[in-house]
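Only one structure is covered here, and it is reproduced in the block below.
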Amino acid sequence: QVQLVESGGGLVQAGGSLRLSCAASGRTFSNYPMGWFRQAPGKEREFVAAINSSGGRVLYEDSVRGRFTISRDNAKNAAYLQMNSLKAEDTAMYYCAATENFWPARNWSVYGYWGQGTQVTVSS
């Protein structure tokens, strides 16, 4: 089992920045690729970014590429999502998730472990 807890969400003006954190406990964190997903009210869960277990490979959803940065610190059992130049359409509940296999990283169904989510609200 891997337990995940997100933090760092909040209310920010458009153009601002937030840094989400995902603290992991349980099994060896460094074995698990990590992903960030988001879900807005009335919309489907959406892939945001993923990072492989070593941190050497990352993927981004097209609308966040260049604005968001995913990273991890295996020594601290944590993953992060740095979000810059935030837009109103980034408003959603953000979830971190862990999977045993990096591919297919964009598919939420392959992630077996999820946090409870942290709300990000961007005012325009």
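The values are calculated or read from the model by the stated rules, or taken from the named source; none is laboratory data. Remember, it's a predicted structure, so these values are computed and weren't measured experimentally. Neighbour counts run over all protein chains shown; Cβ positions are idealised from the backbone, glycine included. These accessible areas exclude ligands, DNA and RNA; they are computed on the full protein's heavy atoms, side chains included. Shrake-Rupley method; radii C 1.70, N 1.55, O 1.52, S 1.80 Å.
A few comments on the model shown:
- Among the residues making up region 85-124, a single one is aromatic (Phe, Trp, Tyr), in a loop (DSSP other than H, G, I, E, B) and either open to solvent by 30 Å² or more (accessible area, probe 1.4 Å) or without any contact (Cβ under 8 Å) to a residue 24 or more places away in the chain (or both): TRP103.
- Residues of region 1-52 that turn out to be of a type in the set (S, T, N, Q), at pLDDT below 95, part of a loop (DSSP other than H, G, I, E, B) and touching a strand residue (DSSP E or B) at 6+ places or on another chain (Cβ under 8 Å), as a count: 1
- Check on GLN82, surrounded by fewer than 19 Cβ atoms within 10 Å (Cβ to Cβ), part of a loop (DSSP other than H, G, I, E, B), within 14 Å of the chain's Cα centre (by Cα) and not small (Gly, Ala, Ser): no
- Annotation note: Cβ proximity below 8 Å between a residue of region 42-55 that is under 26 Å from THR28 (Cα atoms) and without any contact (Cβ under 8 Å) to a residue 40 or more places away in the chain and a residue that is open to solvent by 90 Å² or more (accessible area, probe 1.4 Å) and in a loop (DSSP other than H, G, I, E, B) (sequence gap 6+ or interchain) occurs for ILE51/ARG57.
- Of the residues making up region 22-45, those that are within 22 Å of LYS76 (Cβ to Cβ) and among the aliphatic types (A, V, I, L, M) are ALA23, ALA24, MET34.
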